[in-house]
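Sending over a structure as structure tokens; questions will come in a sec.
The values are calculated or read from the model by the stated rules, or taken from the named source; none is laboratory data. Not measured: the values here are computed from a predicted model. Heads up, the Cβs are rebuilt from the backbone with ideal geometry, glycines too, and the neighbour counts pull from every protein chain shown.
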Amino acid sequence: MPALALDLVNRAVSIIVGNSVTAEAAKAATATIPILFVAGNDPVERGLVASLNRPGGNVTGVFHFTNELDPKRLGLLRELIPTASMIAVLLNPKAPNAATQLKGIQEGARAVGQEIRVLDAASESEIDAAFAKLAQERPGSLLVGADPFFNGRRNQIIALAAHYRIPAIYEWREFVEAGGLASYGTSLIDAYRQIGIYAGRILKGEKTADLPVMQSVKFEFVLNLKTAKSLGLTLPPTLLARADEVIE
């Protein structure tokens with residue numbers, strides 16, 4: 001990524017747009033070319049900007065909460081599967097913010113007296129191994145932690161959840177559209193639309209330093225009725241009513 005960022009700088013591009021990893025590499029390569037990011041983790045903590053309201057420098061973008069919503073997903077999963085005495089949590093231990101993510105989920109579980117079992121996976125084979133453990137331990141449901149690696153392996157994860165017949169909740173609606181049971185998170189489409197608007201404003205002459213980091217305000221709770229039926233689940237009417245979309 002640093003080499004790619006440097007190549008863009010040498011080409012004197014007008015603007016660089018990407019995720020938080022892209023932005024970090026680009027920021028190290030240039031202090032003048034405008035950089036826009038779509039970040040799932042706090043961009044202040046990652047050192048991308050000085051503050052959300054006053055980013056300063058040549059970097060700004062959209063903060064579309066990911067890990068921060070894991071405790072909320074845990075709560076929704078408890079409502080979906082109220083009989084689950086233990087909930088499994090799949091996490092990527094190699095994620096940059098893995099420790100913070102784990103702490104937030106553990107605190108959320110303790111607050112409601114929920115027993116959890118954390119399983120780590122940072123490769124395709126480790127995902128397979130984690131689900132094999134689930135088959136042995138038989139938790140009542142599964143929370144798939146927010147992580148770009150899992151998003152890139154969503155077909156594998158959804159297929160394994162179906163194979164082992166475990167109800168799971170995910171980060172993005174794309175998981176549910178592909179056959180997952182439920183998701184709760186911000187809208188990726190809306191986040192990239194917002195970043196496109198910022199790109200247009202910068203290309204028309206506005207300064208990056210004057211554009212505050214936008215925070216996603218569109219949250220989506222999506223359910224898949226077909227998947228629920230295949231798992232033998234009857235979804236609570238209250239949750240169906242609260243869902244932003246129910247896929248049939």
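Looking at (1) under 21 Å from the mean Cα position of the chain (by Cα); (2) crowded, with 16+ Cβ neighbours inside 10 Å; (3) in a loop (DSSP other than H, G, I, E, B), which is the one condition that is false for Ala84?
The single condition Ala84 does not satisfy is (1).
So is Ala162 at pLDDT 95 or above and either among the hydrophobic types (A, V, I, L, M, F, W, C) or over 23 Å from Arg242 (Cα atoms) (or both) or not?
Yes; evaluated as a whole, the condition is true for this residue.
Between Leu119, Leu77, Leu134, which is over 15 Å from the mean Cα position of the chain (by Cα) and within 16 Å of Val222 (Cβ to Cβ)?
Testing whether each residue is over 15 Å from the mean Cα position of the chain (by Cα) and within 16 Å of Val222 (Cβ to Cβ) leaves just Leu77.
Testing Ser141 on (1) in contact with a helix residue (DSSP H, G or I) (Cβ under 6 Å, 6 or more places away or on another chain); (2) of a type in the set (Ser, Thr, Tyr); (3) not assigned by TED's automatic domain parsing to the domain that holds Leu80, one condition comes back false. Which one is that?
Of (1) in contact with a helix residue (DSSP H, G or I) (Cβ under 6 Å, 6 or more places away or on another chain); (2) of a type in the set (Ser, Thr, Tyr); (3) not assigned by TED's automatic domain parsing to the domain that holds Leu80, only one is false for Ser141: (3).
Okay, next question. Working only within the stretch 107-128, note down all residues that are surrounded by 13 or more Cβ atoms within 10 Å (Cβ to Cβ) and free of Cβ contacts under 8 Å to residues at least 12 places away in the same chain.
Result: Glu126, single match.
Could we say that Asn155 is part of a helix (DSSP H, G or I) and crowded, with 18+ Cβ neighbours inside 10 Å here?
So Asn155 does not fit the description; no.
Every residue in the stretch 134-152 that is more than 20 Å from Leu181 (Cα to Cα) and either touching a residue at least 24 places away in the same chain (Cβ under 8 Å) or surrounded by 15 or more Cβ atoms within 10 Å (Cβ to Cβ) (or both), please.
Answer for the stretch 134-152, where residues must be more than 20 Å from Leu181 (Cα to Cα) and either touching a residue at least 24 places away in the same chain (Cβ under 8 Å) or surrounded by 15 or more Cβ atoms within 10 Å (Cβ to Cβ) (or both): just Glu137.
Right, something else. Quick check: anything in the stretch 170-178 in the same structural domain as Leu74 (by TED's automatic domain parsing), assigned to a loop (DSSP other than H, G, I, E, B) and charged (D, E, K, R)?
Scanning the stretch 170-178 turns up at least one residue that is in the same structural domain as Leu74 (by TED's automatic domain parsing), assigned to a loop (DSSP other than H, G, I, E, B) and charged (D, E, K, R).
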